[in-house]
Amino acid sequence: MEAGATTARARLGWRVWALVPVVLLAIAVALVVARGGDIVDLIGVNPPPADEFDVRRVEFGPGEIRILVRNPQPDDLTIASVTVDDAIWPFAVDGPTTLGRLRSSTIVVAYDWVDGEPISVGVTSSTGIETVEEIAAAVETPQASARGFLGYGLLGLLVGIVPVALGLLWLPSLRRADARWLAAFMALTAGLLTFLGVEALFEAFELQAALPASLGGPGLVLLGVAVAALGMTFLSARLSGSDGAATGVALAALVAIGIGVHNLGEGLAIGASFAVGELALGSFLVIGFMVHNVTEGLGIAAPASRGRPSLRVLAALALVAGAPAILGAWIGGYTSSDVLAPLFFAVAAGAALQVVVEVGRYVARTSPGGLRSGFVVGGFLAGVAAMWTTGLLIA
Amino acid sequence: MAKFSRRRLLAAAAPLVAAPVAARVALGGSPPPHDHSAHAPGDHAGRGTASRSLAGHEGSAAGGHAAMIGDAVPAVGGPNDLDALAYPPEALPYQPGRVREYSVTALDRELEIAPGVFFPAWTYNGTVPGPVIRATEGDILRVRFVNGGVHPHTIHFHGIHPSNMDGVFEIVGTGDALTYEFEAKPAGFHVYHCHAAPLKKHIHKGLYGAFIVDPEEPRPAAREIVMVMNGFDTDGDGSNNFYTVNGRSFYYARYPIRVRRGELVRIYLANLTEFDLVNSFHLHAEFFRYQPTGTGDVWEYTDTIMQCQGQRGVLEITFSNPGRFMFHAHQTEFAELGWMGFFEVEG
């Protein structure tokens, strides 16, 4: 009884003590907020704020331009004047005119823009600083419509589900392959996932760099990678047998998830680029993505060939890997996904690289001759080379 | 897979590749390329604003210049705000040796030059352009200049005067004063401006104004208007963001200048636009007589004149028709960045 009370007090004790730095920090913060200007006065004067807007998205509708702007700086920023092609134009603001830190508004300008021609829009702050955004070619931005929704859906289907499903049709062939060849194909899976992971990581850093510094920086990418890698590790443990290693359908599911999150980012990039007129969706591009992603289906088929998956399970695997492309295309096409995009690619990188580890462990265990066999090394290189070569079609 | 490199390659390659049926289906959701250009002009206005309840301007692209009239115009202030700059003091009869005194103070002022856009200006007497200074030929002009700004300034008058009254060598420091005194000549329309270094900065910040010297033989009675053309580089990149006459963009589009049909309208027009090589004045649906520098006997009959920085002249217009007539810089860029207005001709 006595001991129990002491333990309870001790348990409470460490929690109370843990609050001490937090409380002191709060007091220090309050002091800085109240008297922070005094420090600046001792040193000199603050430079004026840059007062530049972050132009997130420029959309073109019939007789109308919509400019989504964000305030990237700590100081308030007021939309005072709007120019289109160096001409002052009357405008309306959907949202606040004075933007607090990281707040956004949409500026609506009635304007008879010319289809397919370059155009520039300028947003001037109350301090007279003009932020100009050049658009290479004005094209009508797709609006949410049943047709458009279906179109993006079909696009996602074509570049996501169809090639993955086609790739899965290598399954009967892989079933008949001997252990060395299967190891080679597993290594190929690891190679293509490595390629996807590296590519996604690079894309995530690139997209992140385009965001205002106040929205995260490289830490945003690390967050996405860590969440995905740890999440996949957790999932892998749940799906694995008692020996702790994922095999067969469980491993195929992990590969499918890794590929799926990658396709989510890819669909988003395609949808967003097309929506803002930066991407021409030629048949060449669609074919390129199909060829590129067929190899992803092969990557799922290789581990699945050592299980006995039903047709329903195989269909589910194809959906998990391919369907996120549809979702991504919708998100990219209809929303301002500037923060989501780097996060999605970071998640894709983390997931893909974690699955590489899983596949590597499997190959090490099952391959005749282990990881150093010619089949494994050749397979891995073939995977990277296949992705790079087919990637040229969409580069 | 950078977006731009994709675009370049695919835009070029797409037409070369035969499109399979599947790919065509995927593209079905996108609009035909020239779809929107087929809309009737009136179509745009309704679609732009009706679906949304937005506070703000009713202007529309389809309305064109019609949308840039009255309250829809993005211009600052009330209807008579610029009267002191636009309507000069009366000309006085010729009386040699009479003293005309003016007091001019350099003041640093934050001026609203377009709605919500503030420019940290250097001013004479708090406005850009500065006050209209007027004298008759033969008057002794006495201008007491006080520098209330944080930088050294001067006043350099165009005209004929002694070297030490030229506002070039006698720099007036902060808090200091200097009285410029000289005989007003020659008759004509001139300008004055600061001549402290760096000159470009001191002029584009706003230190300039109109200087009228009336001739011995008075000009015919007329409704007189002063227009000083200028620009404001609000973001300091060496090019103007806003253009105006008398300091506020689109001001005379929002508040047209009222004149009567058949009366003589005389405009004293000067160009003090920094950065741009020339500025110009174009009047719609009417012609005018133009006397460069307001001197000499040569008048041009035209509807468009151009002036280099520091050039000026006198325009005389007699409107033939009642109604609303546009005037603006015929550099369309300047016009659409604020240098545009209307005459409202009554009767």
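Quick notes on this one:
- In this structure, A:Gly288 does not qualify as away from every other protein chain (no Cβ under 12 Å) and not aliphatic (A, V, I, L, M).
- Test result for A:Trp170, of a type in the set (Phe, Trp, Tyr) and over 24 Å from A:Leu264 (Cβ atoms): no
- Scan of region A:111-125 for residues that are without any contact (Cβ under 8 Å) to a residue 60 or more places away in the chain and of a type in the set (Ser, Thr, Tyr), ordered by number: A:Tyr111, A:Ser120, A:Thr124
- Residue count for region B:115-136, restricted to those that are part of a loop (DSSP other than H, G, I, E, B) and away from chain A (no Cβ under 14 Å): 6
- Residue within region B:265-278 that is part of a loop (DSSP other than H, G, I, E, B), of a type in the set (A, V, I, L, M) and crowded, with 21+ Cβ neighbours inside 10 Å present: yes
- Residue in region B:226-235 that is over 18 Å from B:Ala329 (Cα atoms) and touching a residue at least 24 places away in the same chain (Cβ under 8 Å) present: yes
- Any chance A:Ala210 is out of contact with any strand residue (DSSP E or B) (no Cβ under 9 Å at 6 or more places or on another chain), modelled with pLDDT of 90 or more and small (Gly, Ala, Ser): no
- Within region B:163-183, the residues that satisfy the criterion of being of a type in the set (Gly, Ala, Ser) and outside any strand (DSSP E or B) are B:Ser163, B:Gly167, B:Gly173, B:Gly175.
- Output for region A:132-150, where each listed residue is modelled with pLDDT under 90 and not in a loop (DSSP other than H, G, I, E, B): A:Ala146, A:Arg147, A:Gly148, A:Phe149
- Residue check, B:Pro186 surrounded by fewer than 23 Cβ atoms within 10 Å (Cβ to Cβ) and part of a loop (DSSP other than H, G, I, E, B): yes
- In region B:243-264 there is at least one residue matching the filter, namely being basic (Lys, Arg), surrounded by fewer than 20 Cβ atoms within 10 Å (Cβ to Cβ) and not in a loop (DSSP other than H, G, I, E, B).
- Residues of region A:107-131 classified as among the aliphatic types (A, V, I, L, M), part of a strand (DSSP E or B) and more than 7 Å from chain B (Cβ to nearest Cβ), total: 5
- Among residues of region A:370-383 that are outside the structural domain of A:Ala177 (by TED's automatic domain parsing), none has a Cβ under 7 angstrom from a residue that is outside any helix (DSSP H, G or I) and crowded, with 17+ Cβ neighbours inside 10 Å at a sequence gap of 6+ or on a separate chain.
- Filter pass, A:Leu268 being more than 14 Å from every other protein chain (Cβ to nearest Cβ), under 14 Å from the mean Cα position of the chain (by Cα) and under 30 Å from A:Val58 (Cβ atoms): no
- The residues of region A:146-160 that are within 8 Å of chain B (Cβ to nearest Cβ), without any contact (Cβ under 8 Å) to a residue 12 or more places away in the chain and either surrounded by fewer than 16 Cβ atoms within 10 Å (Cβ to Cβ) or aromatic (Phe, Trp, Tyr) (or both), listed by number, are A:Arg147, A:Leu150.
- Which numbered condition B:Glu112 misses (of (1) of a type outside the set (A, V, I, L, M); (2) within 14 Å of another protein chain (Cβ to nearest Cβ); (3) outside any strand (DSSP E or B)): (3)
- The number of residues in region A:252-308 being outside any helix (DSSP H, G or I) and modelled with pLDDT under 85 comes to 10.
- Whichever residue in region B:293-347 is among the aliphatic types (A, V, I, L, M) and surrounded by fewer than 17 Cβ atoms within 10 Å (Cβ to Cβ) and, among such residues, is nearest to B:Tyr255 (Cα to Cα): B:Met306
- Residue in region A:179-191 that is at pLDDT below 90, over 30 Å from A:Leu99 (Cβ atoms) and either of a type in the set (Asp, Glu) or not assigned by TED's automatic domain parsing to the domain that holds A:Arg365 (or both) present: no
- Failed condition for A:Gln143, given (1) surrounded by fewer than 18 Cβ atoms within 10 Å (Cβ to Cβ); (2) at negative phi; (3) without any contact (Cβ under 8 Å) to a residue 40 or more places away in the chain: (3)
- Among the numbered conditions (1) in contact with a helix residue (DSSP H, G or I) (Cβ under 8 Å, 6 or more places away or on another chain); (2) in the same structural domain as A:Arg365 (by TED's automatic domain parsing); (3) in contact (Cβ under 8 Å) with a residue 12 or more places away in the chain; (4) surrounded by fewer than 22 Cβ atoms within 10 Å (Cβ to Cβ), the only one that A:Arg175 does not meet is (1).
- Residue check: A:Phe91 meets all listed conditions (1) in contact with a helix residue (DSSP H, G or I) (Cβ under 9 Å, 6 or more places away or on another chain); (2) facing chain B (nearest Cβ under 8 Å); (3) modelled with pLDDT under 95 but one, namely (1).
- Check on A:Asp75, more than 14 Å from chain B (Cβ to nearest Cβ), without any contact (Cβ under 8 Å) to a residue 60 or more places away in the chain and exposed (fewer than 11 other Cβ atoms within 10 Å of the Cβ): no
- Residue among A:Ala187, A:Ala200 that alone is farther than 30 Å from A:Val114 by Cβ, at the interface with chain B (Cβ under 10 Å from one of its Cβ atoms) and either in a helix (DSSP H, G or I) or touching a His at 6+ places or on another chain (Cβ under 9 Å) (or both): A:Ala200
The values are calculated or read from the model by the stated rules, or taken from the named source; none is laboratory data. Quantities reported herein were computed from a predicted structural model and do not represent experimental measurements. Here the Cβ is made from the backbone with ideal geometry for all residues, glycine too, and neighbour counts use every protein chain on show.
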